[in-house]
1. With A:Val82, A:Val49 as the choices, which residue is within 7 Å of chain B (Cβ to nearest Cβ), under 17 Å from B:Leu94 (Cα atoms) and crowded, with 24+ Cβ neighbours inside 10 Å?
2. Against the definition (charged (D, E, K, R) and within 28 Å of A:Asp81 (Cβ to Cβ)), how does B:Asp76 come out, yes or no?
3. Could you check region A:65-79 and list, in sequence order, the residues that are surrounded by fewer than 18 Cβ atoms within 10 Å (Cβ to Cβ) and either part of a helix (DSSP H, G or I) or among the acidic types (Asp, Glu) (or both)?
4. Are there any pairs, at least 6 apart or on different chains, whose C-beta atoms fall under 6 Å, with the first in region A:52-63 and at the interface with chain B (Cβ under 7 Å from one of its Cβ atoms) and touching a residue at least 12 places away in the same chain (Cβ under 8 Å) and the second in a helix (DSSP H, G or I) and surrounded by fewer than 18 Cβ atoms within 10 Å (Cβ to Cβ), and if so, which?
5. Could you list, in sequence order, the residues of region A:8-35 that are within 7 Å of another protein chain (Cβ to nearest Cβ), at pLDDT below 50 and not in a helix (DSSP H, G or I)?
Amino acid sequence: MRQPGMYSGMLSGLSGKTGPHSLPLARIKKIMKKSGDDVKMISGEAPIVFSKACELFIEELTRRSWTTTMQGKRRTLHKDDVVSAVVATDIFDFLVNLVSEPPNAADEDAPGGTSDTEH
Amino acid sequence: MVDNIGADDGCIKEQDRLLPIANVGRIMKQILPPNAKVSKEAKETMQECVSEFIGFVTGEASEKCRKERRKTVNGDDICCAMETLGFDDYADPLRRYLHRYRDLEGDKPNQQKAMNNSSESNSVEQSWSYRNTQQYKNDQGLTSTSANF
């Protein structure tokens, strides 16, 4: 799916040196705006900082989740491993309610979740 | 797949609320051993967590701006919010990343790219943020075009 490249295209057109970002800047900006009514203006650099921050976040949460996976002598990282990592890490407290919710949003494809598709 | 989550805003579609699963999955795989696998559900959970993370940090950064009577959330605000919320380990690498980005952008500070971002910032915010960058440039011994304070 083609991302609305207007924003990220603007940035790369300006410098051409920042290089590709691993996460779509326009999408990050949308999510930022959605976070609150008082978020009105976002500087051009904020989504870029976030693209890096999200990488760090995903890496840390993945690393911690993988610890649980290995403890279970498994090679496939499951949702429960992510939940364990969230519960075990103080700074991830803001995620506890999110991951403990019944799988409404994430469950549209596979209700019941009996077979996780491995990629 | 288009779906209304209907949580806060019924008009927000799922694809707009989350970062792409392919990107998220790729970052996850990069940190794992080569033979590791990641379930689709785990990637979806990670997508949700990342969006929550963005909202969480943005809220804190936005609150800081509100208290300081600024309208534009900039990169420094994000870094400060990280520290406030306990992501100390991220703050320093992000500041280095941000300064490197500003450096690569040359003499023109980001906020002065208002010709492209004219709807995003007002002149007061430009001045404030430019002063930040100007100080940085001075600290680095670099000169810059004059600011329009």
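The values are calculated or read from the model by the stated rules, or taken from the named source; none is laboratory data. As the structure is a computational prediction, the values presented were derived from the model and not from experiment. A quick note on method: Cβ atoms are made from the backbone with ideal geometry, for glycine too, and the neighbour counts reach across all protein chains shown.
1. Working: A:Val82 fails: under 17 Å from B:Leu94 (Cα atoms).
Selected residue: A:Val49, the only one of A:Val82, A:Val49 that is within 7 Å of chain B (Cβ to nearest Cβ), under 17 Å from B:Leu94 (Cα atoms) and crowded, with 24+ Cβ neighbours inside 10 Å.
2. Values: charged (D, E, K, R): yes; within 28 Å of A:Asp81 (Cβ to Cβ): no.
Against the criterion (charged (D, E, K, R) and within 28 Å of A:Asp81 (Cβ to Cβ)), B:Asp76 does not qualify.
3. Quick first cut of region A:65-79, residues surrounded by fewer than 18 Cβ atoms within 10 Å (Cβ to Cβ) only: A:67, A:70-76.
Once the filter is applied, which keeps residues that are surrounded by fewer than 18 Cβ atoms within 10 Å (Cβ to Cβ) and either part of a helix (DSSP H, G or I) or among the acidic types (Asp, Glu) (or both), region A:65-79 yields A:Thr67, A:Met70, A:Gln71.
4. Filtered contacts from region A:52-63: A:Thr62/B:Ile31.
5. Keep residues of region A:8-35 that are within 7 Å of another protein chain (Cβ to nearest Cβ), which gives A:10, A:14-15, A:17-18, A:22-24, A:27-28, A:30-32, A:34-35.
Now restrict to residues that are at pLDDT below 50: A:10, A:14-15, A:17-18.
Within region A:8-35, A:Lys17, A:Thr18 meet the criteria.
Residue-wise test of (1) more than 19 Å from A:Phe57 (Cα to Cα); (2) among the charged types (D, E, K, R); (3) assigned to a helix (DSSP H, G or I); (4) facing chain A (nearest Cβ under 7 Å).
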{"residue": "B:Met46", "(1), (2), (3), (4)": "no, no, yes, yes"}
{"residue": "B:Ile54", "(1), (2), (3), (4)": "no, no, yes, yes"}
{"residue": "B:Arg66", "(1), (2), (3), (4)": "yes, yes, yes, yes"}
{"residue": "B:Arg69", "(1), (2), (3), (4)": "yes, yes, no, no"}
{"residue": "B:Ala81", "(1), (2), (3), (4)": "no, no, yes, no"}
{"residue": "B:Arg100", "(1), (2), (3), (4)": "yes, yes, yes, no"}
